[in-house]
Amino acid sequence: AKVELGVMPVAGGPTVWVKWDNQKYPYLAKVTWAKNAPLTMLVLNREQTELLLLAVDPATGETTTLVKETDPKWINLEPGIPRWLEDGSGFLWMTEQADNTTGWRLERRARDGSLVAALTGEEEFGHGGLEGLVDVDQKSGTVLVTGGPDPTQTHVYRVPLAAMGKPERITSPEQRGDHGAT
């Protein structure tokens, strides 16, 4: 399928067509336009081995690359990303690119896509233990994520938003199983 993306004023008017290399990146995986944040779109190549997170200028349709990831076999998508911070200063990003032996890593990125801080790593969750992003509380400076070092269980953790720190498990260690939050 050939996909196009356009932006038009709520009151009506001409459509501004978004410009990206849709021949190289035909898959439009996600479009996000959070308050105080730019319009962003996640696109992939047909083989799903290359991903771009693009910021869109709604007035011109021009795009700027915020994040580019490649993998020789396959890129997994985390549905909760990008998650823009309320003030629009940046976003949270989950990646497997940092070290393909550790699974997902949660990162805080600046508005331009540059890395501000890694928020999780293998030490906290073990190999492949980070599973998903649940919520962000900028006022308390924390992020809720799911995962854990035991692959037979999923727990909910609170991690610092500023930089990598010790995650705090908020689900009961006595209650084994899969826990989640929304």
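At most 10 other Cβ atoms within 10 Å and a DSSP loop assignment: could you name the trypsin sites (Lys or Arg not before Pro) in segment 51-116 that fit?
Lys73
Here are several values of Cα extents along the principal axes in Å: (1) 63, 42, 34; (2) 47, 32, 31; (3) 58, 38, 27. Which one was derived from the coordinates shown?
(3)
Of all accessible surface on segment 1-47 at a 1.4 Å probe, what whole percent is carbon and sulfur?
Carbon and sulfur: 57 percent of the exposed surface of segment 1-47.
Taking R0 as 22 Å, what FRET efficiency do you get between Glu4 and Thr70 from their Cβ-Cβ distance, rounded to the nearest 0.05?
Once the sixth-power term is evaluated, E becomes 0.35.
Taking +1 at the Cβ of each Lys and Arg and -1 at the Cβ of each Asp and Glu, which of Leu54, Gly6, Leu130 sits farthest along the dipole of the chain towards its positive end, judged by Cα position relative to the Cα centre?
Final value for the positive-end residue is Gly6.
FRET efficiency for Arg176 and Leu77, Cβ-Cβ distance as r, R0 = 41 Å, nearest 0.05?
Computed FRET efficiency for Arg176 and Leu77: 0.90.
Rounded, prolate or oblate: pick one for segment 1-96, where a ≥ b ≥ c are the square roots of the eigenvalues of its C-alpha gyration tensor, a/c under 1.5 means rounded, and failing that, prolate if a/b is larger than b/c, else oblate.
In terms of gyration-tensor shape, oblate.
Work out how much length Leu115 to Glu50 would gain on full extension: take 0.36 nm times their residue separation and subtract the Cα-Cα distance, in nm to one decimal.
Result for the pair: 21.5 nm of gain on full extension.
How big is the charge dipole of segment 1-67 about its Cα centre, in debye rounded to the nearest 20, if each Lys and Arg gets +1 on its Cβ and each Asp and Glu gets -1 on its Cβ?
Around 140 debye, computed over segment 1-67.
Putting +1 on Lys and Arg Cβ atoms and -1 on Asp and Glu Cβ atoms, find which of Gly148, Pro38, Trp84 reaches farthest to the positive end of the dipole of the chain.
Pro38
The values are calculated or read from the model by the stated rules, or taken from the named source; none is laboratory data. Being a predicted model, the structure only gives us computed values, none of them experimental. Reconstructed Cβ throughout: ideal geometry from the backbone, glycine too, with neighbour counts over all protein chains shown. Each accessible area value is taken on the protein alone, full model and side chains, heavy atoms only, with ligands, DNA and RNA left out. Shrake-Rupley method; radii C 1.70, N 1.55, O 1.52, S 1.80 Å.
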